[in-house]
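In what follows, a single structure is set out as structure tokens and then discussed.
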Amino acid sequence: MTASRYQPADIEPRWQRTWLEQGLYRTDTDPSRPKYYALSMFPYPSGNLHMGHVRNYTITDVIARVRRMQGYRVLHPMGWDAFGLPAENAAIDRGVHPADWTESNIANMRRQLQALGLSYDWERELATCDPRYYRWTQWLFLQMWHLGLAYQKEALVNWDPVDQTVLANEQVDSEGRSWRSGAKVEQRYLKQWFLRITHYAEELLQDLDQLPGWPERVKTMQANWIGRSVGAYLEFPVVGRPAKIGVFTTRPDTVCGVSYVVLAPEHPLVAELTTPEQRPRVEQFLQELQQLSPAERTAEDRPKRGVPIGAMALNPFNQQQVPVWIADYVLYEYGTGAVMGVPAHDERDFAFAQQYGLPITQVILPPGVDQPMPLENAYTGPGTLVNSGEFDGLDNETAKETITQKAQAQGWGEARVQYRLRDWLISRQRYWGVPIPVIHCQHCGVVPVPEPDLPVLLPRDVQITGRGLSPLAQLEAWVNVPCPTCGRPARRETDTMDTFIDSSWYFFRFADPHNDQAIFDPQVIQNWLPVDQYVGGIEHAILHLLYSRFVTKVLRDRGLIAFDEPFTRLLTQGMVQGLTYKHVQTGRYLPPDQVIQENGEYRDKETGAPVAVVYEKMSKSKYNGVDPEQVLARYGADTARMFILFKAPPEKDLEWDEADVEGQFRFLQRVWRLVQQYREQPPAPATDTTPAERELRRTIHQTIQQVTADTTGEYQFNTAIAALMKLTNALTDYQGTNSGVFDEGIRTLLLLLAPFAPHITEELWHQLGHQDSIHRQPWPQVDPSALVVDEIPLVIQVMGKTRGTIPAPAQADQATLEQLALASEIGQRYLQGKTIKKVIYVPGKLLNFVIEG
């Protein structure tokens, strides 16, 4: 089909339909080809794509398209992370069932993705809310149960005392109030399900070294989250009681400076050890803490509060008795739920001791100091022990080892490695999630649902009000079932799973999505996994990526896979930022139509107050979003793709600029016109004899070289597009269009541009008479001989001052170049009649003549 003008609104839908009908992007399973698995983090189906989605998926699509053209069999799928809280909120707010809301959103977003021309194999599409998928999520939970990695214990939850329901963290506002009732949220203990990710803490940490294709920033974030600490576990006997208080410390060298011991308020020993005299104060303190979240309790800028419980503990290293306190900053879930207070050598302990008048005993002297002095702040550096009995005079690093050895020998403790990482709490008291496949029997205890009975289906007839316990708990017909073991009356688990479980294994299922006999065929997985290139936001650096690594290791230990890590290379793309208007005084965001510009300054239209204009991450609440559908309607998908790739390197933040979008549209128009002009020329023989042709062919193959490197090595799509623009300029400026080299240039331009702008290149390729898709063509190869430079611009200097340049043979020796320089117009003008003392030659670049006088 011939067209005189570039009209993406006509071209793009037509080719999208053709590709879908032809199954162009159906996954090639030819085992003779090398495999390549390119994957973007799948989206939550919120209803509409935003520009962050467009950037993520376009990046991965270019990578997949290039690899296909390079001869790889490529797996490039898409699916939906479809369970989660927003669907329940929609059910409450709009009266629509979460399943219907989710399915409608998926349909709309699928349409939007297809409009971008993304080369997905839609036959492998999956949604985590589909029973055919979550059957295997439940199966995975049961594998962890059999391995001893799934267990139940009491844990803190956000409790709404008005609606009598558990709230997700997202449902608690910045003032600690319920999003729905407005009540002050309390902290309560409920039985919750956990996965024992801490069992893999050391391996998760050490195996970061197996990931050279991951950004160092992400690996550092994961290492810090795992938080390996080497120290000692020490026990303090309670005076007059059989109980002992165990603490973990990285500073056993300071143990003789302990002046109090702190228990977490939730610690079981609190009730046991609190004296009658202290009980009223302790109970009041515990009641006050119910209003605070763990994050609030441990916030750095919050004053630390505590009360003594009346008990005393014995420091076995110096036989001193110290008081036992409870304090808000100690959490039962972390470490042992108790800490030793060493005010002289810990900043937090120092502030706490000063606030409550507790002793401060210095036991480490800084270098060069020979006796303790009053401290204005805690000293946390190295030094020599003092006030430590038999350990006096030791340097503190030696003392750490010596004191730990003494503790082990005396039965007071041991060396220990501890991790900041906590076990993964997966219970959610919500409806729209995967039911946890266990049954509670009074006689048999916790009984796993037999595998043949999976999936445990979510019931459809449920009322979601946002009040009370989980909606599932209110469905007696669903809850009451016979025990699979003894047949007596029993009850289903009514918690559902954290949605991070759904996304922790989906990349396996894409390789074998229609298997109804197993979670996947291990041979198929071995054929496709690990994922070669994973692309997603930095916000997933810890939870999603860490959980996926954990699940991979569990599947390996079950003998289902033979590798340790799920993602070979990881690219964390930057955010898309929009122009944002912000009230200077209040920090309130303003819509663009509420801002006026006067004398170069921006002001609030209503109040006249000054307004700051900045770039920030696109968000509805900031009124700075750009609707992808509007961009596609005005410019087309190819222009949107080109802009999103050209504006910034993929890992950097991108500032949206309409003028730059226009620029990419004009570039594609230039490519269109160039090919139309070429079509009017008669075919030409393939020759490259003239200097102009050799120069053009050099540019062609330099472009192949650069675009190949920029799309397969360190991804630099912006410089790849810049190279394509340069090639377009060279072809436009070339005079001899009836040339075999020009033919090669046009074909090469379209082939290299195809992954970036798939629609216009497909259209132009067919206009040139080709029958098969451009996306099935082989990637252009560099001809090394075309890169050889025949001539170089040789700089001529006299006494270090540049006088001009001359063309010179690239392979000429210095003597030949000197003769050419002297015979040139420059040489005649500046060197004739001069005595040349010496010539300085920089190979391939310049000659500098040093003359007398």
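Yes/no matrix, rows are residues, columns are (1) within 20 Å of GLN210 (Cα to Cα); (2) touching a residue at least 60 places away in the same chain (Cβ under 8 Å):
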site: ASP498; (1), (2): no, yes
site: PRO513; (1), (2): no, yes
site: GLN517; (1), (2): no, no
site: PRO522; (1), (2): no, no
site: ARG556; (1), (2): yes, no
site: LEU560; (1), (2): no, no
site: TYR589; (1), (2): no, no
site: GLU601; (1), (2): no, no
site: GLU606; (1), (2): no, no
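Kindly check whether there is at least one residue in region 310-331 that is of a type in the set (S, T, N, Q), at pLDDT 90 or above and within 37 Å of the chain's Cα centre (by Cα). The answer is no; no qualifying residue exists. For beta carbons closer than 9 Å, sequence separation of 6+ or different chains, a first residue in region 608-622 that is touching a residue at least 40 places away in the same chain (Cβ under 8 Å) and a second that is assigned to a helix (DSSP H, G or I) and surrounded by 12 or more Cβ atoms within 10 Å (Cβ to Cβ), the qualifying pairs are LYS617/GLY52; MET618/MET51; MET618/GLY52.
Taken over region 288-323, the criterion of being among the hydrophobic types (A, V, I, L, M, F, W, C) and either open to solvent by 70 Å² or more (accessible area, probe 1.4 Å) or assigned to a helix (DSSP H, G or I) (or both) is satisfied by LEU289, ALA295.
Just so you know, in region 259-299 the residues that are modelled with pLDDT of 95 or more and of a type in the set (Ser, Thr, Tyr) include one that is nearest to LEU167 (Cα to Cα), and it is THR274. Take the conditions (1) over 27 Å from THR690 (Cβ atoms); (2) not assigned by TED's automatic domain parsing to the domain that holds LYS837; LEU750 misses just one of them, which is (1). When GLU662, GLU616 are screened for being within 25 Å of the chain's Cα centre (by Cα) and either at pLDDT below 90 or part of a helix (DSSP H, G or I) (or both), only GLU616 passes. Residue-level check: of (1) under 48 Å from the mean Cα position of the chain (by Cα); (2) in the same structural domain as GLN828 (by TED's automatic domain parsing); (3) at positive phi, PRO793 misses just (3). Taking region 1-98 as the region of interest, the helices (runs of 4 or more DSSP H) fully inside it that hold 1 or more residues being under 31 Å from the mean Cα position of the chain (by Cα) and buried (at least 23 other Cβ atoms within 10 Å of the Cβ) are 51-69, 85-94. Restricting attention to region 584-605 and to residues that are touching a helix residue (DSSP H, G or I) at 6+ places or on another chain (Cβ under 7 Å) and more than 18 Å from GLY625 (Cα to Cα), the residue that is modelled with the highest pLDDT turns out to be ASP604. Of all residues in region 147-165, those being more than 14 Å from GLN291 (Cα to Cα) and touching a residue at least 40 places away in the same chain (Cβ under 8 Å) number 11. Taking the criterion of being farther than 30 Å from PRO691 by Cα and either hydroxyl-bearing (Ser, Thr, Tyr) or open to solvent by 40 Å² or more (accessible area, probe 1.4 Å) (or both), the residues of region 840-853 that qualify are GLU852, GLY853. The listed residues are LEU365, LEU375, LEU385, and the only one of them that is surrounded by 12 or more Cβ atoms within 10 Å (Cβ to Cβ), in contact with a Ser or Thr (Cβ under 6 Å, 6 or more places away or on another chain) and not small (Gly, Ala, Ser) turns out to be LEU365. The residue that is nearest to ALA38 (Cα to Cα), counting only those in region 474-525 that are hydroxyl-bearing (Ser, Thr, Tyr) and out of contact with any Phe, Trp or Tyr (no Cβ under 6 Å at 6 or more places or on another chain), is TYR506. Within region 109-123, the set of residues being open to solvent by 40 Å² or more (accessible area, probe 1.4 Å) and either within 18 Å of GLY636 (Cα to Cα) or modelled with pLDDT under 95 (or both) comprises ARG110, ARG111, GLN114. On inspection, ARG641 passes the criterion of being basic (Lys, Arg), in contact with a helix residue (DSSP H, G or I) (Cβ under 6 Å, 6 or more places away or on another chain) and surrounded by 14 or more Cβ atoms within 10 Å (Cβ to Cβ). The number of residues in region 608-629 that are under 16 Å from MET575 (Cα atoms) and among the β-branched types (Val, Ile, Thr) comes to 2. Residue count for region 138-157, restricted to those that are in a strand (DSSP E or B) and open to solvent by 20 Å² or more (accessible area, probe 1.4 Å): 5.
Could you list, in sequence order, the residues of region 688-722 that are under 20 Å from ASP733 (Cβ atoms), under 32 Å from the mean Cα position of the chain (by Cα) and open to solvent by 20 Å² or more (accessible area, probe 1.4 Å)? Matches in region 688-722: GLN706, ALA722.
Which one is farthest from the chain's Cα centre (by Cα) among residues in region 555-570 that are under 28 Å from MET51 (Cβ atoms) and open to solvent by less than 20 Å² (accessible area, probe 1.4 Å)? Ranking the candidates gives PRO566 first.
Yes or no: region 331-344 includes at least one residue that is in contact (Cβ under 8 Å) with a residue 60 or more places away in the chain, buried (at least 20 other Cβ atoms within 10 Å of the Cβ) and in contact with a Pro (Cβ under 7 Å, 6 or more places away or on another chain). For region 331-344, residues in contact (Cβ under 8 Å) with a residue 60 or more places away in the chain, buried (at least 20 other Cβ atoms within 10 Å of the Cβ) and in contact with a Pro (Cβ under 7 Å, 6 or more places away or on another chain): absent. Of all residues in region 116-132, those that are touching a residue at least 24 places away in the same chain (Cβ under 8 Å) have Cβ atoms under 7 Å from Cβ atoms of residues that are among the basic types (Lys, Arg) and in a loop (DSSP other than H, G, I, E, B), 6 or more apart or on another chain, in ASP121/ARG26; GLU123/ARG26. Apart from one condition, VAL626 fits all of (1) touching a Gly at 6+ places or on another chain (Cβ under 9 Å); (2) more than 26 Å from ALA722 (Cβ to Cβ); (3) open to solvent by 30 Å² or more (accessible area, probe 1.4 Å); the exception is (2). Could you please let me know if PHE285 is touching a residue at least 12 places away in the same chain (Cβ under 8 Å) and either in a loop (DSSP other than H, G, I, E, B) or crowded, with 20+ Cβ neighbours inside 10 Å (or both)? Against the criterion (touching a residue at least 12 places away in the same chain (Cβ under 8 Å) and either in a loop (DSSP other than H, G, I, E, B) or crowded, with 20+ Cβ neighbours inside 10 Å (or both)), PHE285 does not qualify. Might you let me know whether region 417-424 holds any residue that is touching a strand residue (DSSP E or B) at 6+ places or on another chain (Cβ under 8 Å), part of a loop (DSSP other than H, G, I, E, B), aliphatic (A, V, I, L, M) and surrounded by 14 or more Cβ atoms within 10 Å (Cβ to Cβ)? No, every residue in region 417-424 fails to be touching a strand residue (DSSP E or B) at 6+ places or on another chain (Cβ under 8 Å), part of a loop (DSSP other than H, G, I, E, B), aliphatic (A, V, I, L, M) and surrounded by 14 or more Cβ atoms within 10 Å (Cβ to Cβ).
Yes/no per residue for (1) touching a residue at least 24 places away in the same chain (Cβ under 8 Å); (2) in contact with a strand residue (DSSP E or B) (Cβ under 8 Å, 6 or more places away or on another chain); (3) open to solvent by less than 70 Å² (accessible area, probe 1.4 Å):
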{"position": "LEU167", "(1), (2), (3)": "no, yes, yes"}
{"position": "ARG177", "(1), (2), (3)": "no, yes, no"}
{"position": "GLN192", "(1), (2), (3)": "yes, yes, yes"}
{"position": "GLU202", "(1), (2), (3)": "yes, yes, yes"}
{"position": "GLU216", "(1), (2), (3)": "no, no, no"}
{"position": "VAL238", "(1), (2), (3)": "yes, yes, yes"}
{"position": "ARG241", "(1), (2), (3)": "yes, yes, no"}
{"position": "VAL247", "(1), (2), (3)": "yes, yes, yes"}
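The values are calculated or read from the model by the stated rules, or taken from the named source; none is laboratory data. Nothing here was measured: the structure is a model prediction, and the numbers come from that model. With ideal geometry, Cβ positions are generated from the backbone for all residues, glycine too; neighbour counts draw on all protein chains shown. These area figures cover heavy atoms from the full protein model, side chains too; ligands, DNA and RNA do not enter into them. Shrake-Rupley method; radii C 1.70, N 1.55, O 1.52, S 1.80 Å.
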